[in-house]
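Step one of this worksheet: look at the structure below.
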């Protein structure tokens, strides 16, 4: 079910090269979808980058954890979103440089929440 | 805390080592021919030690480049159809011919591909002498050189972002120079520099000299850091502005 959801999400987003569902506390990619086969070390690096981006300021006076991080580089745009505040489940996407990511964030949060079960917990 | 700083320093050292070509496999999504050309140019420019960079298109090996000091020594297509070297830059005719071949090889290799990858390995043989500087490759590929002076670019970014940006300043030689801010916001920017900047910069330390990071916490303002060469732009932006500012950053980049 997770694989199908990730695949459907990626196909809906123009220029999305990979979408991965990860647990940043465990630094583990739980499921992913891409047109290409990503080697494990690339998945690990993606998860590590997500963990570091979403923990910026975690040791400091900031009260809220980072919910959404975008890292845009000349070679691609990384988008990381948490399922919900305080949760470690994260959706990681890599887009082509300059891809239109306007509609991505809300959809990504929604998908991440449904995959992590946060949506069901909130409704319960 | 000390351990954390040591871990962070070690991580930086390892990342830096990777950018110097000790280890590495890099990746780029391709949307146009220019993306592939830019990717190759950046890999060459960012490799300091003697290394062979093998370029792949959609997972298939296409060509390799022997590089040192950010200069291209030799290149060869995987199928052996095309190769060249830059041993004598004084021979302008030979350089122009080799450069034209290299440009054609790169364009052909990434034609129709959706992803480029670069793998780096130590050179087992002498990589050659002299070599072509990466700015000559930039020129030959028809790419605009990224300005060393990032200040006008930052000012344009802030101007075009308009009301999306609440406060902004650039950091130069440890001094925060405000572009837009009130006294209160200046303090917020200074706090950001002090508490968050080292961690954010650690996210952007790669072979490329520029990056853009936008972080949002709940419904609060967005923290934005853009780096180019030695200059850093720090800004506080309105919530929900992340995608639009990212698009603006890409649109203002030179090709």
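Below are the figures for this structure:
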{"read-out": "Within the range A:50-60, considering residues that are out of contact with any strand residue (DSSP E or B) (no Cβ under 7 Å at 6 or more places or on another chain), at the interface with chain B (Cβ under 7 Å from one of its Cβ atoms) and part of a loop (DSSP other than H, G, I, E, B), the one modelled with the lowest pLDDT", "value": "A:60"}
{"read-out": "Residue under evaluation residue B:68, criteria (1) away from chain A (no Cβ under 14 Å); (2) modelled with pLDDT under 90; (3) farther than 21 Å from residue B:138 by Cβ; (4) surrounded by 15 or more Cβ atoms within 10 Å (Cβ to Cβ), criterion not met", "value": "(3)"}
{"read-out": "Test for residue B:95: is it modelled with pLDDT under 90 and over 20 Å from the mean Cα position of the chain (by Cα)", "value": "no"}
{"read-out": "Condition met for residue A:38 (in contact with a strand residue (DSSP E or B) (Cβ under 7 Å, 6 or more places away or on another chain) and more than 9 Å from chain B (Cβ to nearest Cβ))", "value": "no"}
{"read-out": "Index of the failed condition, residue B:213 passing every other in (1) surrounded by fewer than 19 Cβ atoms within 10 Å (Cβ to Cβ); (2) modelled with pLDDT of 80 or more; (3) within 9 Å of chain A (Cβ to nearest Cβ)", "value": "(1)"}
{"read-out": "Hits in the range A:66-102 (condition: out of contact with any helix residue (DSSP H, G or I) (no Cβ under 7 Å at 6 or more places or on another chain) and without any contact (Cβ under 8 Å) to a residue 60 or more places away in the chain)", "value": "A:67, A:73, A:76, A:85, A:86"}
{"read-out": "Single residue of the range B:76-88 satisfying the filter (more than 26 Å from the chain's Cα centre (by Cα) and touching a residue at least 40 places away in the same chain (Cβ under 8 Å)) that is surrounded by the most Cβ atoms within 10 Å (Cβ to Cβ)", "value": "B:87"}
{"read-out": "Tally of residues being free of Cβ contacts under 8 Å to residues at least 60 places away in the same chain and surrounded by fewer than 23 Cβ atoms within 10 Å (Cβ to Cβ) across the range B:231-252", "value": "6"}
{"read-out": "Subset tally (residues that are within 15 Å of the chain's Cα centre (by Cα), in a loop (DSSP other than H, G, I, E, B) and either at pLDDT 90 or above or surrounded by fewer than 18 Cβ atoms within 10 Å (Cβ to Cβ) (or both)) for the range B:17-65", "value": "2"}
{"read-out": "Lone unmet requirement of (1) without any contact (Cβ under 8 Å) to a residue 24 or more places away in the chain; (2) in a strand (DSSP E or B); (3) more than 7 Å from chain B (Cβ to nearest Cβ) for residue A:30", "value": "(1)"}
{"read-out": "Every residue from the range B:216-228 that is at the interface with chain A (Cβ under 7 Å from one of its Cβ atoms) and either modelled with pLDDT of 85 or more or under 14 Å from residue A:49 (Cα atoms) (or both)", "value": "B:216, B:217"}
{"read-out": "Filter pass, residue A:117 being surrounded by fewer than 19 Cβ atoms within 10 Å (Cβ to Cβ), away from chain B (no Cβ under 11 Å) and over 19 Å from residue B:199 (Cα atoms)", "value": "yes"}
{"read-out": "Test: residue A:24 is buried (at least 21 other Cβ atoms within 10 Å of the Cβ), more than 9 Å from chain B (Cβ to nearest Cβ) and touching a strand residue (DSSP E or B) at 6+ places or on another chain (Cβ under 8 Å)", "value": "yes"}
{"read-out": "Residue among A:94, A:66 that is over 10 Å from the mean Cα position of the chain (by Cα) and at the interface with chain B (Cβ under 7 Å from one of its Cβ atoms)", "value": "A:66"}
{"read-out": "Selected residue (criterion: surrounded by the fewest Cβ atoms within 10 Å (Cβ to Cβ)) from residues of the range A:12-21 that are within 11 Å of chain B (Cβ to nearest Cβ) and part of a loop (DSSP other than H, G, I, E, B)", "value": "A:14"}
{"read-out": "Search result, residues across the range A:69-91 that are at the interface with another protein chain (Cβ under 7 Å from one of its Cβ atoms) and either part of a strand (DSSP E or B) or in contact with a strand residue (DSSP E or B) (Cβ under 8 Å, 6 or more places away or on another chain) (or both)", "value": "A:69, A:70, A:71, A:72, A:73, A:74, A:75, A:76, A:77"}
{"read-out": "Residues located in the range B:100-123, provided they are away from chain A (no Cβ under 14 Å), touching a residue at least 40 places away in the same chain (Cβ under 8 Å) and touching a strand residue (DSSP E or B) at 6+ places or on another chain (Cβ under 7 Å)", "value": "B:105, B:109, B:121, B:122, B:123"}
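The values are calculated or read from the model by the stated rules, or taken from the named source; none is laboratory data. In this text the structure is predicted, and so the values were computed from the model without any measurement. Glycine also receives a Cβ, built like all others from the backbone with ideal geometry; neighbour counts cover every protein chain displayed.
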